[in-house]
Amino acid sequence: MSSSVAANLSPEHRKNLALETLAEKTPISNISDREKVSRKFLYKQKQKAETALDQAFSPDNEASDVLFYLPVTKAWLIQLVLGLVLICHSSYRGVIQLLAALFDTPISLGTVHNLLVTAASQAAQINSSQDLSAIRVGLLDEIFQGNRSVLTGVDAVSTYCYLLAEADHRDEDTWGIHLLDAKAQGFAPDYTIADGAAGLRAGQQVALGDTPCHGDVFHIQHQCETLANLLGRLAKGAATRRQRLEQRMTKARLKGQGNTLSSKLAKARMAETHAVKLAKDVKTLVGWLERDILALAGLCFEARCELFNFIVSELKHREYLDSARIRPVRIALERQRDNLLGFAKVLDNKLEEIARRFQVPDYQVRAICLLQRKPKTSQAYWSSRDQLNRQLAWKFHAVLGAIVNAMDETHRCSSLVENLNGRLRNYFFLRRNLGQGYLELLRFFLNHRVFMRSDRPERVGKSPMELLTGKPHPHWLELLGFELFRRPSVSA
């Protein structure tokens, strides 16, 4: 009787009985009498429920569940090798170990190398076919790997790397040849930005003619800050020496021997006075240079030149106090003035165009530009902004937006090359010898890989190539001729 009843129970009823027995609120015997089933049957349902719960909450079971199946082909393994090297910065031997450990697949060092060489050849063809006419501001610099130099060029807007070449020399001919190759691809910027390297500038003049080469503000600011910090440390050292002599003098006076140190102490005090004054003067001059002359929001080009000459003159007047340290900085400033202030001419032209377009006085446009130097959380900023708003009325917000855009598009330094250098070093340390093919592959990869994050929101989710051309492109592996693996949808 009980077996026939149990056989006719629905799955839902059996589940409810299993849950009731697991709850242990009602004795098994009572459930058996009520449902007209045996206790053996109820214990069996309870055991099934416990087994199901153990399986559902077992971590080992979750880890062993098959999420999806991957068709591992030779083409897919090649993509894996490229991804390990370029995305994960893996060494060749790291690739060999991973394939052996996780895929039980042997691969030789030479095979890994040959796969990279083949991909580099394809990447070089893609690099050489790219139209570079959209680059308006080119950033040029030289980076180093051991005793080898790498000539680098980056677009200031899109961060697209249009030049990455290993070179034995950094002279006029070497730079000129590489820039002529870029020119053949349409490279014709409005101006470039570079440091004071003579070979670079001479090579650009040969290749690009009268295209201006502005000075890189970052390098000269770093040089000036280094001088100011060094003089500050020397002043602290002079103060420490004076303090020690004073302590020795106190002890000597107790013994009646103060006269033996009086001359040394007098000289130490004088040296400290001169060192402290020199350090303060140079720090003040460097501060003026950074905030009032080389800052983006500032005076017109002519006024900046006058202030720049004043800074150089003041450094020259103090040069005799520490010629070995001050003279190189002063000469660098003196020789690079017009190049370093090249951005000011560009900004002046843009501000003049804004004044004509909106038909507002030049001094008001300049005032809005100078307003950007003040922190937006300060009362001075909002007080000046309200005054300009009343003067310009309905034109204010349009003029303000145009000026902010003009300033954002005016570049002063080649720091993007330094950023590229930092990313490249993660690859350079893996190879003793770079080789032009390896550099072409790195250039291709970095230009076609999307930014996962950036300080500029407009760059996120886009690659330098897409930012340069304004057009989307396939994944970099697809550009190399591979078909990306796509997981099947859940509905399928």
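The values are calculated or read from the model by the stated rules, or taken from the named source; none is laboratory data. What you see is a predicted model; the values in this text were computed from it and never measured. All Cβ positions, glycine included, derive from the backbone under ideal geometry; neighbour counts span all protein chains shown.
Here is a yes/no grid of residues against (1) touching a Phe, Trp or Tyr at 6+ places or on another chain (Cβ under 9 Å); (2) surrounded by 11 or more Cβ atoms within 10 Å (Cβ to Cβ):
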site: 86; (1), (2): yes, yes
site: 100; (1), (2): no, yes
site: 104; (1), (2): no, no
site: 131; (1), (2): no, yes
site: 141; (1), (2): no, yes
Restricting the stretch 2-18 to residues that are in a loop (DSSP other than H, G, I, E, B) and at pLDDT 80 or above, the one farthest from the chain's Cα centre (by Cα) turns out to be 9
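Select from the stretch 397-418 the residues that are over 27 Å from residue 213 (Cβ atoms) and in contact (Cβ under 8 Å) with a residue 12 or more places away in the chain and list them in ascending order. Can you show your working first?
Applying the first criterion (over 27 Å from residue 213 (Cβ atoms)) to the stretch 397-418 yields 397-402.
Residues satisfying the conditions are 398, 399, 400, 402.
Output the residues belonging to the stretch 269-287 that are farther than 18 Å from residue 246 by Cβ and of a type outside the set (A, V, I, L, M, F, W, C).
Here is the first cut: in the stretch 269-287, the ones farther than 18 Å from residue 246 by Cβ are 277-287.
Residues satisfying the conditions are 277, 280, 281, 283, 284, 287.
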Just wondering, is there one or more residues in the stretch 165-175 that are without any contact (Cβ under 8 Å) to a residue 24 or more places away in the chain and not hydrophobic (A, V, I, L, M, F, W, C)? yes
Of all residues in the stretch 35-59, how many are over 60 Å from the mean Cα position of the chain (by Cα), at pLDDT below 85 and exposed (fewer than 15 other Cβ atoms within 10 Å of the Cβ)? 1
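Per-residue answers, yes or no, for (1) outside any loop (DSSP other than H, G, I, E, B); (2) of a type in the set (Gly, Ala, Ser):
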residue: 142; (1), (2): yes, no
residue: 151; (1), (2): yes, no
residue: 158; (1), (2): no, yes
residue: 176; (1), (2): yes, yes
residue: 235; (1), (2): yes, yes
Does residue 409 count as surrounded by fewer than 19 Cβ atoms within 10 Å (Cβ to Cβ), in contact with an Asp or Glu (Cβ under 8 Å, 6 or more places away or on another chain) and among the acidic types (Asp, Glu)? no
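Mind checking which residues of the stretch 346-394 are at positive phi and not in a loop (DSSP other than H, G, I, E, B)? Spell out how you get there, then give the answer.
Going through the stretch 346-394, the residues at positive phi turn out to be 359, 393.
Of everything in the stretch 346-394, just one residue is at positive phi and not in a loop (DSSP other than H, G, I, E, B), namely 393.
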State which residue is surrounded by the fewest Cβ atoms within 10 Å (Cβ to Cβ) when the search covers only the stretch 290-313 and only residues that are at pLDDT 95 or above and more than 19 Å from residue 366 (Cβ to Cβ). 313
Just to be sure before I move on: is residue 424 out of contact with any strand residue (DSSP E or B) (no Cβ under 6 Å at 6 or more places or on another chain) and either of a type outside the set (A, V, I, L, M) or modelled with pLDDT of 90 or more (or both) in the structure I sent? no
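Among the residues in the stretch 314-334, are any among the hydrophobic types (A, V, I, L, M, F, W, C), without any contact (Cβ under 8 Å) to a residue 60 or more places away in the chain and crowded, with 18+ Cβ neighbours inside 10 Å? Lay out the reasoning, then the answer.
Step one: list which residues in the stretch 314-334 are among the hydrophobic types (A, V, I, L, M, F, W, C), which gives 315, 321, 324, 326, 329, 331-333.
Retained after the next criterion (residues that are without any contact (Cβ under 8 Å) to a residue 60 or more places away in the chain): 315, 321, 324, 331.
In the following step, the residues that additionally are crowded, with 18+ Cβ neighbours inside 10 Å were identified as 315.
Within the stretch 314-334, one or more residues are among the hydrophobic types (A, V, I, L, M, F, W, C), without any contact (Cβ under 8 Å) to a residue 60 or more places away in the chain and crowded, with 18+ Cβ neighbours inside 10 Å.
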For the stretch 370-384 the number of residues that are surrounded by 16 or more Cβ atoms within 10 Å (Cβ to Cβ) and either more than 15 Å from residue 292 (Cα to Cα) or among the acidic types (Asp, Glu) (or both) is 1
When the stretch 115-140 is checked residue by residue, the ones that are without any contact (Cβ under 8 Å) to a residue 60 or more places away in the chain, closer than 15 Å to residue 163 by Cβ and in a helix (DSSP H, G or I) are 128
Of everything in the stretch 241-276, what is farther than 28 Å from residue 317 by Cα and in contact with a helix residue (DSSP H, G or I) (Cβ under 7 Å, 6 or more places away or on another chain)? Give them in sequence order. 245, 246, 248, 249, 252, 258, 260, 261
Within the stretch 72-91, the residues that are touching a residue at least 40 places away in the same chain (Cβ under 8 Å) and part of a helix (DSSP H, G or I) are 75, 76, 78, 79, 82, 83, 86
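Working carefully through the options 112, 95, find the one that is touching a Phe, Trp or Tyr at 6+ places or on another chain (Cβ under 8 Å) and assigned to a helix (DSSP H, G or I).
Numbers: 95 fails: touching a Phe, Trp or Tyr at 6+ places or on another chain (Cβ under 8 Å).
So the residue among 112, 95 that is touching a Phe, Trp or Tyr at 6+ places or on another chain (Cβ under 8 Å) and assigned to a helix (DSSP H, G or I) is 112.
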